[in-house]
Amino acid sequence: MEPFTEDHDKDLLNTEWLVKVEPNKSTPFLFKYGVSIRDLSCYILITDTKSVWVEVLTSKQIARRWRECNPQSSKQYTQTSDEEAWRENIINLLSNGHSMGGMLEMSLEEVKSNYSDFAFVVECEAFKWRWETCFLGHRRSSEIISKHLIFPLISLNHLTFSSAHSMSELSDTELEQSVGKLGQTARRATSNHIRTALSKPRVATAIRRMTALFNFIPDLSTFNHIFTLYSENAYLIFSTEPITSIADKPLLKIENTFVSQAQTPNSQPPPPPPRQQEHYNTPQPEKSSPKKITPEREPRVDNKVKVIESASETESDSEPAETTKTSLTSNLAGPSRTSARSPSPGSPKDPTPPQSEPIRKSRSRSSLEAEVPPPRPVKKTKPTLQSSSGEDSDQDVKKSRSSSAVASGARRGTRQPIKRGGKKF
């Protein structure tokens with residue numbers, strides 16, 4: 001068999017459907033027949049609306065099969081021109097038999113075959129012919145059935161329901177014009193055409209009614225009534241009439257009774273296990289909490305002891321150093337000890353009346369001795385040998401530097417405590 005190409009499919013689009021019923025199985029078959037005059041070939045497409053079988057025959061295959069099916073009426077021709085003329089007559093005879101008028105006089109019968117998927121014989125008083133077709137496959141079959149049969153039937157159904165006059169009352173010319181206009185409109189927008197043709201309530205319910213009756217479904221009114229009883233809580237409305245022109249609009253709303261408790265907004269997911277809580281609950285600093293003002297601590301006692309020792313060592317060096325030392329000790333022991341912060345540079349200072357140096361020394365020493373604990377024992381240091389007078393001068397320079405450092409420290413004020421960060425977990 002020759003392959004069935006797209007050209008054969010396009011040629012069959014312009015041919016009519018023929019119908020024959022197989023008597024043994026009572027199966028209706030739809031088929032289309034085509035002829036190519038260029039190479040004197042013929043082809044057929046047959047379907048039971050589920051599968052599609054095809055066969056393509058060349059002129060040599062046509063002559064061979066005719067002689068097999070009709071041995072009495074076949075002749076052998078020695079000349080090529082006579083053989084070609086005879087083949088043309090056979091093809092014309094087959095074309096006349098595979099027409100709407102010729103099928104009325106022909107019968108169709110399925111036969112067994114070892115060379116094809118579906119074989120059948122068409123027979124009349126004049127001749128007998130056998131077709132041995134092959135299956136195209138489900139995908140190709142569905143495409144051909146949709147293009148050759150389903151879409152044209154939907155369009156004609158739309159024309160039947162939308163026409164103001166009955167189709168049987170229209171003349172052939174008027175019907176041809178109506179079909180031509182509808183076909184041009186449907187070709188421009190196929191999706192909109194199909195939606196318009198099948199979305200009408202009368203068309204949809206009529207197809208539903210025909211489908212139910214054709215497949216032995218019980219009465220549609222009883223079926224819809226039972227379905228409505230089971231669907232009362234869902235607010236579903238179904239028409240109890242088999243065919244209707246009005247489509248009722250149902251209530252498209254979700255009621256609270258159908259919402260499960262797990263989907264309610266008040267429900268919260270269960271808390272994670274304690275181990276996961278410890279893992280995820282890491283300490284984080286609070287952003288909105290204000291910083292706590294911690295009172296400044298008092299100066300350490302070690303600083304006081306160092307000040308006293310330095311004062312005792314440098315007391316005999318010079319008198320200006322003694323004044324700075326006594327002022328430093330008075331600041332540590334006096335009433336300014338209670339205040340945490342030193343006064344700002346812009347704040348006014350109350351002048352204190354000058355006092356004599358011996359009184360200051362006596363007061364500062366007595367207050368320090370009463371408040372400050374006894375000094376720690378001084379660590380023993382290795383004795384250093386005084387080799388020369390240059391070393392004595394170096395020691396004097398160091399003492400003067402230490403005294404100046406103490407004086408500068410007294411001018412700066414009390415040492416502030418070191419600010420440390422918050423406690424860590």
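Here, each number is a calculation from the coordinates, and none is a lab measurement. Predicted model, so just to flag it, every value in this text is computed and none were measured. Cβ sites come from the backbone with ideal geometry, for glycine too, and all protein chains shown count toward neighbours.
Assorted remarks:
- Going by neighbour counts of Cβ atoms within 10 Å, the residues LEU30, LEU94 line up, fewest first, as LEU30, LEU94.
- Surrounding net charge for PRO28, when Lys and Arg each add one and Asp and Glu each subtract one, Cβ distance under 13 Å: 0
- When Rg and the Kirkwood Rh are both derived from Cα coordinates, the Rg/Rh ratio for the stretch 6-136 amounts to 0.95.
- Over all directions, the projected convex hull of the C-alpha atoms in the stretch 68-176 averages 11.4 nm² in area.
- Peptide packing: for 102-112, 206-216, 163-173, the average count of neighbouring Cβ atoms within 10 Å per residue gives the ranking 102-112, 206-216, 163-173, highest mean first.
- The overall shape of the stretch 141-199, judged from the alpha-carbon gyration tensor, is prolate: a/c is not under 1.5, and a/b is greater than b/c.
- Violating pairs (Cα-Cα greater than 24 angstrom) within the set LYS25/LYS112; LYS75/LYS128; LYS147/LYS249: LYS147/LYS249
- Projected label distance in nm at ASP82 and SER171, using a 7 Å step from Cα toward the beta-carbon: 5.2
- Length released on extending from LEU149 to ARG208, taking residue separation times 0.36 nm less the Cα-Cα span: 19.3 nm
- Taking amide H atoms as placed 1.01 Å from N in the peptide plane, the amide H of SER113 has no partner under 5 Å among residues 5 or more positions away or on other chains.
- Stretch gain in nm, segment VAL35-GLU6, where the contour uses 0.36 nm per residue and the Cα spacing is subtracted: 9.0 nm
- Neighbour counts of C-beta atoms inside 10 Å place CYS42, CYS134 in the sequence CYS134, CYS42, starting with the fewest.
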